[in-house]
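These notes are about the structure you will find just below.
Values quoted throughout were computed directly from the atomic coordinates according to the rules given, and no laboratory measurement underlies them. What you see is a predicted model; the values in this text were computed from it and never measured. Cβ: placed from backbone, ideal geometry, glycine included. Neighbour counts: every protein chain shown.
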Amino acid sequence: MKKITTRPVGIFDSGVGGLTVASAIKQILPNENLIYFGDTAHLPYGDKSRETIISYAANITRFLIGQNCKVIVVACNTASANAYEAIKEEAGNQAVVVDVINPVVDYVTKRAEYKNIGIIGTKATINSETYDKKIKALNPLIVVSTLATPLFVPMIEEGFIYDDISNAIIRSYLSRHELRDIDALIMGCTHYPIIKNQISKYYNFKLDVIDSSAIVANYLRKLLGEKNQLNMESNPRYKFIVSDYTEYFQVISRLFFDEEIRLEKMDL
Ligand code: DGL
């Protein structure tokens, strides 16, 4: 049995969006071995039922546990919002589970200046009301304003990022009455960091637009430090697996992870 510190950090998402989280983890924890699983065969999760999301997430968790991961990072808001408890149950005492919602909720509720927090995400994330409930549980005085922005994921995956189409879609969603008067906006989907600049631009760079990736990576560093599980050896190994491979996923993965990576296909 390998010592716990060198065991990999398992990361998963419905597709390549979670690579934004993997990239932040690589920067903040450069020694860690990483195994990334993108469930591209079942993408998108955002339109699926809770039962289906749970069944996909539990299956991937079993796979990552089989790969001897010391921690599982659910780099998908949709799975974090709908399947966190099921994932923890599946992982049991074999690996700690870190989602992308709890660390962000913790971060925003500690900032007294945030009185009205906006959240955008997939339909399944917004409809689950997970963010609303978790923020209210920590601070019932915060107003939580949510909006499903389902066109963002296909827009980003199709490469509409810095053009008239993406600007029109971004403007159309962000100008909705649900998001009026907010003092911070949580990007509740791991694809959205790709359009963070355009979202910030819509607000003339005057609104805090919150990207969960660095918050989650910092949370993970603290957690592994507290558990004495930080990998002190250098030369980390990275493995990127997808459940369905296309050249296109290979090409766009470059956008989400800031270096060239090689995707391997695997059926679970
Ligand atoms: N990246 C996923 C998330 O964070 C959304 C993509 C999907 O709908 O599968 O919610």
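Brief remarks follow.
- Note that the range 1-141 shows a convex hull volume over its alpha carbon atoms of 114 Å³ per residue.
- By the count of neighbouring beta-carbon atoms within 10 Å, fewest first, Met187, Met232 end up ordered Met232, Met187.
- Where only DSSP H runs of four or more residues are counted, the chain gives -12500 deg cm²/dmol as its mean residue ellipticity at 222 nm, each run worth -39500 (n - 2.57).
- A Cβ-based charge dipole, computed about the Cα centre of the range 105-179 with Lys and Arg at +1 and Asp and Glu at -1, lands at about 460 debye.
- A Förster distance of 45 Å, applied to the separation of the beta-carbon atoms of Lys136 and Asn235, puts the FRET efficiency at 0.50.
- The convex hull defined by the C-alpha atoms of the chain has an orientation-averaged projected area of 13.6 nm².
- When each of Asp99, Asp183 is scored by the number of other beta-carbon atoms lying within 10 Å, the sequence from fewest to most is Asp183, Asp99.
- Packing here is the average count of other Cβ atoms within 10 Å per residue, and on that basis the peptides 161-171, 12-22, 211-221, highest first, run 12-22, 211-221, 161-171.
- Computed from backbone phi with θ = phi - 60° and the Karplus coefficients 6.51, -1.76 and 1.60, the 3J(HN,Hα) list for the range 34-41 is 10, 10, 10, 10, x, 7, 4, 5 Hz; x is used for glycine and proline.
- Stokes-Einstein D in µm²/s, Kirkwood radius over Cα pairs - the range 1-54 at 4 °C with 1.567 mPa s viscosity: 103
- Placing pseudo-labels 7 Å out from each Cα toward the beta carbon at Lys123 and Glu158 gives an inter-label distance of 1.7 nm.
- Evaluated over the range 201-268, the Cα radius of gyration and Dmax, each in Å: 16.9, 45
- Computed magnitude of the charge dipole of the chain (debye, nearest 20; Cβ of K, R +1, Cβ of D, E -1): 760
- Gain on full stretching of the segment that runs from Asp244 to Arg171 - 0.36 nm per residue minus C-alpha separation: 23.0 nm
- Enclosed volume per residue, in Å³, of the convex hull spanned by Cα atoms of the range 109-182: 100
- Taking amide H as placed 1.01 Å from N in the peptide plane, the amide H of Val98 sits under 5 Å from that of Ile72, Val73, Val74, each at least 5 places away or on another chain.
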